[in-house]
Amino acid sequence: MGEYTLTRSEKRFIGWHLFIAISALAIGSFYGPMQAFNYAGWNFYPTLKKWHIAESYYQGLTLHGVLNAVVWTTFFITGFLTFNMIYGLKRPLKYPKLNALGFWMMVVGLVLTAYAILANQASVLYTFYPPMKASWIFYLGLVLLVVGSWIEGYGFYFTLHQWKKDNPGVRTPFIAFASVATMVLWQLATLGVAIETLFMLLPWSLGWLEGIDIQLARTFFWWFGHPLVYFWLLPAYISWYGYLPKQAGGKLFSDTMARLAFWLFILLSVPVGFHHQFVDPGVAPGWKYIHALLTLSVVIPSMMTLFTVVASLEYAGIKRGGKGLLGWLAKLPWDDPIVAAQLLAGLLFIFGGIGGVVNASYNTNLILHNTAWVPGHFHLTVSTAVTLTFMGISYWLVPYLTGRELCCRKVALAQVYLWATGMAIFSQAMHSLGLLGAPRRTPLGEAPYVPPEWSGLLLRVGIGGIFLLIAVYMYIWIMAHTAFFGRKAEKPVEVQVAEPMQDVQLTPEWLDAWKPWIAGAVGLILIAYTPVLMELISHMVPVAAPKMKLW
Amino acid sequence: MTAHSTLIDRHERRWIAISAALLASFAVLIGIAGFALGVQVPTLEQRVDPAKLNEDPVWSQPGVREIVPGRKYEVYIIAQTWMFVPREIVVPAGAKVTFYVTSRDIQHGFKVLDTDLNVQVIPGYVGKLSYTFKEPGEYKFICTEYCGLGHAAMAGVIKVVPPEEYQSSQ
């Protein structure tokens, strides 16, 4: 069987996604370390203000959050999923123009959002909590970004539908199945923020609504805000299940469990938003506890993933000559940047997972809500498990798309280890600061209440920032050098899709049926949200925006 | 079930069972701590129009109210850009203090360092949370939600004094 290849225009289309993602990362990641340096007492913000690079710490923080957590992730993910659809199903998209429309809508949305933030009209951070009010251009840009991603998702559905018609009874190839599942999750999740933005924030920012209920807006936001993290995470899981076993020299341990994990994420990852609202006054404790239970259940598919991925890697390591209980671990290709990135991502994600259980545990959240612990936590998840995996993916995907060799493999290897080290130092210090009560989203270098005992930890945050600043620009440089100046590859990159140990046709049919799982997910969302939303909607307190700009 | 079970590795089934048991035990423990032992999340006291706090009989006079001398106190705190009203609170050690916190304008956070007192301050809503300060001392409270340029300076202090001292100062 010959290697299936994407057409030039398909490669270019995916390449555009990655180009925008990586460009956003290049700008957004400049500001992250600036915040870390402020903690350490090295405050560059006055200089940045003088040079008009950032008017304030908070404009920098907004740029960092929006460009990294929203733009880098969404564009990289839609691009990577598009690759998985075409390569996995070995057929073109059913309606390439529909997907192109979605993509360009996302680009227009990005331009509007970026304009509003850069003009200092939207320093509201990436949670944009009302009644702090950004320019309407910011909200409109976000709507277009989300709707554009929906349209790309619809393009996937049509493509899968056609493939299933052409291949009756055949199990959907895992990478394509999981990509569609990720899009389904995204569309269930973004309903919440779409309602918040379209019916509350946008009309209010245009002056059509006098006031909005803030507790209600927060509740719609967090309907979206937590499954958002699974939208980031699942593409990394696709790589860990669907590519990493082969890249490490083995096979996927269980196709059945991989699919079951994705279904459980669709089922359970949306009705959990109150675990971000444990200290909100307007949600009753009983409902908060129910969401805590649901959040703990969504740990199960992650524990399944841990088992399956480790078992796949163990198989690879034994095949490579690993002996004894842990000998396989040392035999894994730790010197391959593509594999090492994902191994380190997975390793640090264990701590991210443990921290996540603490966050989700109802009253333990009292200690850490809105403290530095929280960014410490999500820099292990979205910025390490997800971002480091995406970096590993781009080390083969960008050469594949451009037909050029990955430049400077050793630099790439060093980049991966520097990133993991920087994140480990940074996150550990942030977790500790949070436990001592240090707030998040605050320039601690200027806060008058910071006690001297925190200074050692604040310094470590800054040191982590140095590692990360170097590592991110190494990545950008490698990517730019590969894409634009890399040596033309003599033979095309071989795409390493993992084969399962058992015949895929043995995977039960109910794991390839969409309707019952989606119906279950919608049902759970309705049960978990309807009573609270009804209560909030029937007692709304309209609140107007502040009269002056606060940033 | 047996047909499916052969597809799930024996060790993996055990792994999932152990994970589920562990998570279930967490759920039970936090439930007991919350609903039986009173380590509880904030609740809603009332809704209030943030633009009309000055006309409200209670909210026009934020601060400490003595309910039972030496035993029970209520504290009303308004968060606003960029300060807490009042900034300084004095209560006796050993008394049960119930805090009512709301916002005059935008969202803020209210967190008392070295305690588990933590509430998202949402305009229109009054959060209620209780604590007993056992040891005398100064407890700082800070704003933990981004609220604009002055956010990092938004803080206050709770002075917890020995009961005898508190009575004589009144």
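The values are calculated or read from the model by the stated rules, or taken from the named source; none is laboratory data. Worth saying up front: this structure is predicted, and the values here are computed from it rather than measured. We place every Cβ from the backbone using ideal geometry, glycine too, and count neighbours over all the protein chains shown. Note: areas computed on protein heavy atoms with side chains; ligands, DNA, RNA excluded. Shrake-Rupley method; radii C 1.70, N 1.55, O 1.52, S 1.80 Å.
Could you work out, residue by residue across A:356-364, how many beta carbons of other chains sit within 10 Å of that residue's beta carbon, and then give the average as an integer?
Mean partner-chain Cβ count within 10 Å for A:356-364: 5.
Helix B:10-31 against the longest principal axis of chain B: what's the angle in degrees, Cα atoms only, rounded to the nearest 10?
20
Would you list the membrane-span-like helices of chain A, meaning whole DSSP H runs whose alpha-carbon atoms span at least 24 Å along their axis and whose mean Kyte-Doolittle value is at least 0.0?
Working: long enough: A:8-40 (48 Å, 0.38); A:96-118 (33 Å, 1.54); A:136-166 (45 Å, 0.57); A:174-195 (32 Å, 1.93); A:214-242 (41 Å, 0.66); A:299-319 (30 Å, 1.22); A:337-360 (33 Å, 1.81); A:409-436 (41 Å, 0.84); A:455-480 (38 Å, 1.91); A:515-538 (33 Å, 1.41).
Once both thresholds are applied, what remains is A:8-40, A:96-118, A:136-166, A:174-195, A:214-242, A:299-319, A:337-360, A:409-436, A:455-480, A:515-538.
Listed highest first by mean packing, meaning other Cβ atoms within 10 Å per residue, what order do A:22-31, A:382-391, A:422-431, B:156-165 come in?
Answer by packing, highest mean first, reads A:382-391, A:422-431, A:22-31, B:156-165.
Between A:F128, A:G286, B:I89, whose Cα lies farthest towards the positive end of the dipole of the protein assembly as shown when Lys and Arg beta carbons carry +1 and Asp and Glu beta carbons carry -1, centred on the Cα centre?
My answer, from the dipole projection, is A:F128.
Distance cut-off 24 Å, Cα to Cα: go down the list A:K164/A:K491; A:K246/A:K491; A:K90/A:K165; B:K72/B:K128 and report the pairs above it.
Correct reply: A:K164/A:K491.
If you count, for each residue, the other Cβ atoms within 10 Å and average over each peptide, how do A:59-71, A:275-287 line up from highest to lowest? Don't skip to the answer; put the middle values down first.
On the way: A:59-71: 24.1, A:275-287: 21.9.
Packing order, densest peptide first, comes out as A:59-71, A:275-287.
If the only charges are +1 at each Lys and Arg Cβ and -1 at each Asp and Glu Cβ, what is the size of the charge dipole of the protein assembly as shown around the Cα centre, to the nearest 20 debye?
1560
Shape of the stretch A:462-540 from its Cα gyration tensor (a ≥ b ≥ c, root eigenvalues): rounded if a/c is under 1.5, otherwise prolate when a/b > b/c, or oblate?
On the way: a/c = 3.54, a/b = 1.42, b/c = 2.49.
Here the stretch A:462-540 falls in the oblate category.
Sort largest first and round to whole Å: the equivalent ellipsoid semi-axes of chain A, each the square root of five times a Cα gyration tensor eigenvalue.
35, 28, 24
List the aspartates and glutamates whose Cα sits under 19 Å from the Cα of A:K97, skipping any in the same chain fewer than 8 residues away.
Partners within reach: A:E10, A:E152.
If you count, for every residue in B:107-118, the Cβ atoms of partner chains within 10 Å of its Cβ, what is the mean?
What the average comes to for B:107-118 is 5.
Using a probe radius of 1.4 Å on protein heavy atoms only, what is the accessible area buried between chains B and A, both sides summed, to the nearest 100 Å²?
Summing both sides, the interface buries roughly 5400 Å².
Just to check, using Stokes-Einstein with a Kirkwood Rh over alpha carbon pairs, what's the diffusion coefficient of the stretch B:72-170 at 4 °C and 1.567 mPa s in µm²/s?
Values: Rh = 13.6 Å.
The diffusion coefficient I find is 95 µm²/s.
Between B:A153 and A:A414, how high is the FRET efficiency from 1/(1 + (r/R0)^6) when r is the Cβ-Cβ distance and R₀ = 60 Å? Nearest 0.05.
After rounding, the FRET efficiency stands at 0.90.
Say the dipole of the protein assembly as shown comes from +1 at the beta carbon of Lys and Arg and -1 at that of Asp and Glu; which of B:V68, A:F253, A:T197 then lies farthest toward its positive end?
The residue sitting farthest along the positive end of the dipole is A:F253.
Give the distance, in whole Å, between the Cα centre of the stretch A:186-263 and the Cα centre of the stretch B:110-170.
Comparing the Cα centres of the stretch A:186-263 and the stretch B:110-170, I get a distance of 35 Å.
Anything losing 40 Å² or more of accessible area from the isolated chain to the full protein assembly: pick those residues out of the stretch A:256-294, probe 1.4 Å, ligands and DNA/RNA ignored.
A:M257, A:V279, A:P281, A:P285, A:Y289
Compute the separation of the alpha-carbon centres of the stretch A:322-363 and the stretch A:13-55 and state it in Å as a whole number.
28
So, for chain A, what is the accessible surface per residue at a probe of 1.4 Å, expressed in square angstrom?
On the way: 19610 Å² over 551 residues.
Result: 36 Å² per residue.
Over the stretch A:395-551, with every protein chain in place, what whole percent of the accessible area is carbon and sulfur at 1.4 Å, could you tell me?
Of the solvent-accessible surface of the stretch A:395-551, carbon and sulfur hold 68 percent.
Provide a whole-number value for the mean count of partner chain Cβ atoms within 10 Å of the Cβ atoms in peptide B:151-157. Could you put the intermediate results ahead of the total?
On the way: counts 10, 14, 5, 5, 4, 1, 1.
Mean inter-chain Cβ contacts per residue within 10 Å come to 6.
Which value, in Å² and to the nearest 10, is the accessible area of A:D503 when all protein chains are kept and the probe is 1.4 Å?
100
Kindly report the accessible area of chain B per residue (heavy atoms of protein chains, probe 1.4 Å, no ligands, DNA or RNA), in Å². List each step's numbers first, then the result.
On the way: 7810 Å² over 170 residues.
Ligands and nucleic acids excluded, the result is 46 Å² per residue.
May I ask you to give the percent of accessible area on the stretch B:16-57 that is carbon plus sulfur, with a probe radius of 1.4 Å?
The C+S portion of the solvent-accessible surface of the stretch B:16-57 is 67 percent.
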